[in-house]
Amino acid sequence: MSNKYLEVLTPQNSQLIFIDQQPQMAFGVQSIDRQTLKNNVVALAKAAKVFDIPTTITTVETDSFSGNTYPELLAVFPEHKILERTSMNSWDDQNVRDALAANGRKKVIVSGLWTEVCNTTFALCAALEGGYEIYMVADASGGTSVDAHKYAMDRMIQAGIIPVTWQQVLLEWQRDWARKETYDAVIGLVQEHSGAYGMGVDYAYTMVHQAPERVQHGERIGPNPAK
């Protein structure tokens, strides 16, 4: 096994690309609940922001078909350029190649739509022609059916692409809870986007460690059983 597959992701060795996270592309997604998909995409973006990960955003046929990138994603990176393409394969666009090269990191984390088209073609070409190590975020990507997503992931894995999930990426970047410079931001991200895990953190903080609640709210009154 190549040593590159044994290396963990760090904030210093990886970069991130979002491919076609646009509404018309999301409308066709059937492999994952679309609200869950957007939650995971935005969470991954916020994780990248916490760890200062170089991030590329690329879109296809924005005005003629796909629509504007999710505003929640753009709000995380308000200064980023958006690299528009005509090709379904992002590797075919020179601006995308230049952006990846400028970041100077061979480990490329990918979140895109659709898994079986835009993700697969980019991953295979970037690995073969660009020598990049591709990490495909399975739960921040979506296909037009469960089978489309599954078999695209299978094809990429057979070719050496590495499957990951957004939370796995976040915690791999954090690695050690003693890293206090990112601790609070990571915990906040988990509380907001990690479902049961985040609820568990809230419960442990408030009920076990007696920390204050994260939000101020109205006075709790009662109980007052009716007679």
Can you pull out the residues in segment 93-128 that are touching a residue at least 12 places away in the same chain (Cβ under 8 Å) and over 17 Å from GLN15 (Cβ atoms)? LEU113, TRP114, THR115, GLU116, VAL117, CYS118, THR120, THR121, LEU124
Given TYR205, TYR132, TYR151, TYR197, which one is open to solvent by less than 50 Å² (accessible area, probe 1.4 Å) and free of Cβ contacts under 8 Å to residues at least 40 places away in the same chain? TYR132
Residue check: is ILE53 β-branched (Val, Ile, Thr) and touching a Pro at 6+ places or on another chain (Cβ under 7 Å)? yes
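Go through segment 45-66 and give me each residue that's touching a Leu at 6+ places or on another chain (Cβ under 8 Å) and closer than 17 Å to LEU113 by Cα.
Result: ALA45, THR55, THR56, ILE57, THR58, THR59.
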Does TYR151 satisfy the condition of being of a type in the set (Ser, Thr, Tyr), in the same structural domain as SER90 (by the TED database) and in a helix (DSSP H, G or I)? yes
Of the numbered conditions (1) in a helix (DSSP H, G or I); (2) surrounded by fewer than 11 Cβ atoms within 10 Å (Cβ to Cβ), LEU170 satisfies every one except a single condition; which is it? (2)
Taking the condition of being more than 16 Å from LEU9 (Cβ to Cβ) and over 15 Å from the mean Cα position of the chain (by Cα), how many residues in segment 161-207 meet it? 23
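Can you tell me which residue among SER141, SER87 is out of contact with any Pro (no Cβ under 6 Å at 6 or more places or on another chain) and more than 23 Å from ILE53 (Cβ to Cβ)?
SER87
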With ALA127, ALA99, ALA123 as the choices, which residue is under 21 Å from THR55 (Cβ atoms) and crowded, with 23+ Cβ neighbours inside 10 Å? ALA123
Taking the criterion of being of a type in the set (Val, Ile, Thr), open to solvent by 20 Å² or more (accessible area, probe 1.4 Å) and assigned to a helix (DSSP H, G or I), would at least one residue in segment 44-64 satisfy it? yes
Looking at segment 113-130, can you tell me whether even one residue there is farther than 23 Å from VAL29 by Cα and either touching a Pro at 6+ places or on another chain (Cβ under 7 Å) or not in a helix (DSSP H, G or I) (or both)? no
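Could you please give the count of residues in segment 5-23 that are surrounded by 12 or more Cβ atoms within 10 Å (Cβ to Cβ), in contact (Cβ under 8 Å) with a residue 60 or more places away in the chain and not in a strand (DSSP E or B)?
8
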Between ILE161, ILE187, which is aliphatic (A, V, I, L, M), at pLDDT 95 or above and assigned by the TED database to the domain that holds ILE109? ILE161
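The values are calculated or read from the model by the stated rules, or taken from the named source; none is laboratory data. Fair warning: this is a prediction, and the values are worked out from it, not measured in the lab. A quick note on method: Cβ atoms are made from the backbone with ideal geometry, for glycine too, and the neighbour counts reach across all protein chains shown. Calculation scope for accessible area: heavy atoms of the full protein, side chains included, ligands and nucleic acids excluded. Shrake-Rupley method; radii C 1.70, N 1.55, O 1.52, S 1.80 Å.
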